[in-house]
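Step one of this worksheet: look at the structure below.
Since every read-out is calculated from the coordinates, none of them should be taken as a lab result. None of these values were measured; they are calculated from a predicted model. All Cβ positions, glycine included, derive from the backbone under ideal geometry; neighbour counts span all protein chains shown.
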Amino acid sequence: MIGQERYLDAYVDRRMKYIIEEWDLATREGVFDFAQRLDAIEQEIPPLKQFEEGAAAKLAALERRAKKLKERM
């Protein structure tokens with residue numbers, strides 16, 4: 001029985017990379033990397049929100065100008 005356990009342990013050790021990929025398992029490094037990526041994305045949200053607000057204001061101004069131009073025609 002001990003021989004089989006050692007064989008299975010060695011097999012799993014050799015194949016661990018492939019087992020992780022096949023079963024789409026998370027590793028400590030992957031989870032840590034995910035947390036860092038999430039933090040980076042969260043830091044990008046406020047500038048994007050400001051850009052969106054500015055773009056919406058510019059679009060509204062352009063629409064007002066277009067309406068005035070149409071009224072003159």
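Determine the sum of side-chain charges near LYS70: Lys and Arg each +1, Asp and Glu each -1, restricted to other residues whose C-beta is under 15 angstrom from that of LYS70. Present the calculation step by step, with values, prior to reporting the outcome.
Numbers: positive: ARG64, ARG65, LYS67, LYS68, ARG72; negative: GLU63, GLU71.
Its environment carries a net charge of +3.
Comparing mean-square fluctuations of ALA61, ALA35, ALA26 from a GNM of the chain with C-alpha springs under 10 Å, the top value falls on ALA61.
For LYS49 and GLU71 in the same chain, what is the full-extension length gain: residue separation times 0.36 nm, less their Cα-Cα distance, in nm? Mind showing how you got there, number by number?
On the way: separation 22, 0.36 × 22 = 7.92 nm, distance 3.31 nm.
Result for the pair: 4.6 nm of gain on full extension.
Listed by chain and number, the lysines whose alpha-carbon sits under 28 Å from that of LYS58, ignoring those within fewer than 8 places in the same chain, are LYS49, LYS67, LYS68, LYS70.
Quick note on the chain: its Rg to Rh ratio, both from C-alpha atoms and Rh being the Kirkwood radius, is 1.58.
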